[in-house]
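The values are calculated or read from the model by the stated rules, or taken from the named source; none is laboratory data. Fair warning: this is a prediction, and the values are worked out from it, not measured in the lab. Heads up, the Cβs are rebuilt from the backbone with ideal geometry, glycines too, and the neighbour counts pull from every protein chain shown.
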Amino acid sequence: ILNVEQSPQSLHVQEGDSTNFTCSFPSSNFYALHWYRWETAKSPEALFVMTLNGDEKKKGRISATLNTKEGYSYLYIKGSQPEDSATYLCAPPRGGTSYGKLTFGQGTILTVHP
Amino acid sequence: SQTIHQWPATLVQPVGSPLSLECTVEGTSNPNLYWYRQAAGRGLQLLFYSVGIGQISSEVPQNLSASRPQDRQFILSSKKLLLSDSGFYLCAWTRGEAFFGQGTRLTVV
């Protein structure tokens, strides 16, 4: 059983604040780590696919880091805007005998208040 | 370009009735295919995934089943729906990252 944990479960910030949240996953048999953004009434969309320990990726005001040895990834949002409000999901795909399995964490629900 | 179609968008079904949700992918071959469900107040739960025709892995014991009769077709079924089957169902395929359908809102009454 793959235990993917995201924290915090929910987060309320003011417009302009910077914020970050965490995805924890088993470090053994690491294959990749995906971050998704899921807005209400829409389908999840991929933000980042991270594969190497020490990876750091950036898309606009959003960035992510990866530590495969200790099994965690951080997602950062700089200068949050109301349109950043969404659920942020992480998923570590599985390889080996569990090839193809893509299990998501419970997500972090971010609400940015104007 | 690749596209994923999922239908219907919404469905209201009585308890005990059958279910069939269909998902098709265009523009790619031999995709990994997935069915997820978001129950009220919960995250995105993996129900089934398939790495090839006729290959189905079930993640959660339940009264649902999945089939992959063709390379780019993934079907979620139930013979008799329960109230607890209500939720938002998403189909997805992966090539590196995952691409999701628009989802089906199922309400069992």
Hits in region A:93-114 - residues which are among the β-branched types (Val, Ile, Thr) and either over 19 Å from B:THR94 (Cα atoms) or modelled with pLDDT of 80 or more (or both):
A:THR103, A:THR108, A:ILE109, A:THR111, A:VAL112
Just to be sure before I move on: is A:LEU89 facing another protein chain (nearest Cβ under 10 Å), among the aliphatic types (A, V, I, L, M) and surrounded by 13 or more Cβ atoms within 10 Å (Cβ to Cβ) in the structure I sent?
yes
Filter region A:82-114 for residues that are assigned to a loop (DSSP other than H, G, I, E, B) and within 14 Å of A:ARG37 (Cα to Cα); which is farthest from the chain's Cα centre (by Cα)?
A:SER85
Quick check on region A:55-72. Is at least one of its residues away from chain B (no Cβ under 14 Å), over 29 Å from A:PRO114 (Cα atoms), of a type in the set (D, E, K, R) and more than 15 Å from the chain's Cα centre (by Cα)?
yes
Of all residues in region B:66-81, count the ones that are hydroxyl-bearing (Ser, Thr, Tyr) and within 18 Å of A:GLY100 (Cα to Cα).
1
Unmet requirement for B:GLY16, which otherwise passes all of (1) farther than 19 Å from A:TYR36 by Cβ; (2) buried (at least 19 other Cβ atoms within 10 Å of the Cβ)
(2)
Exactly one condition in (1) assigned to a strand (DSSP E or B); (2) in contact with a helix residue (DSSP H, G or I) (Cβ under 8 Å, 6 or more places away or on another chain) is false for A:ASN29; which is it?
(1)
Check A:ARG37 against each of (1) among the basic types (Lys, Arg); (2) in contact (Cβ under 8 Å) with a residue 40 or more places away in the chain; (3) surrounded by fewer than 17 Cβ atoms within 10 Å (Cβ to Cβ) and name the one condition it does not meet.
(3)
Please find, among B:ALA98, B:ALA39, the residue that is within 22 Å of A:SER43 (Cα to Cα) and in contact with a helix residue (DSSP H, G or I) (Cβ under 9 Å, 6 or more places away or on another chain).
B:ALA39
Taking B:GLN102, is it assigned to a loop (DSSP other than H, G, I, E, B), within 14 Å of chain A (Cβ to nearest Cβ) and modelled with pLDDT under 95?
yes
Counted residues in region B:72-106 being over 23 Å from A:TRP35 (Cα atoms) and surrounded by 14 or more Cβ atoms within 10 Å (Cβ to Cβ) come to 12
Within 13 Å of chain B (Cβ to nearest Cβ), surrounded by fewer than 19 Cβ atoms within 10 Å (Cβ to Cβ) and either modelled with pLDDT under 95 or not in a loop (DSSP other than H, G, I, E, B) (or both), is that true of A:VAL13?
no
I'd like to know if region A:38-54 contains one or more residues that are in a strand (DSSP E or B) and more than 13 Å from chain B (Cβ to nearest Cβ).
no
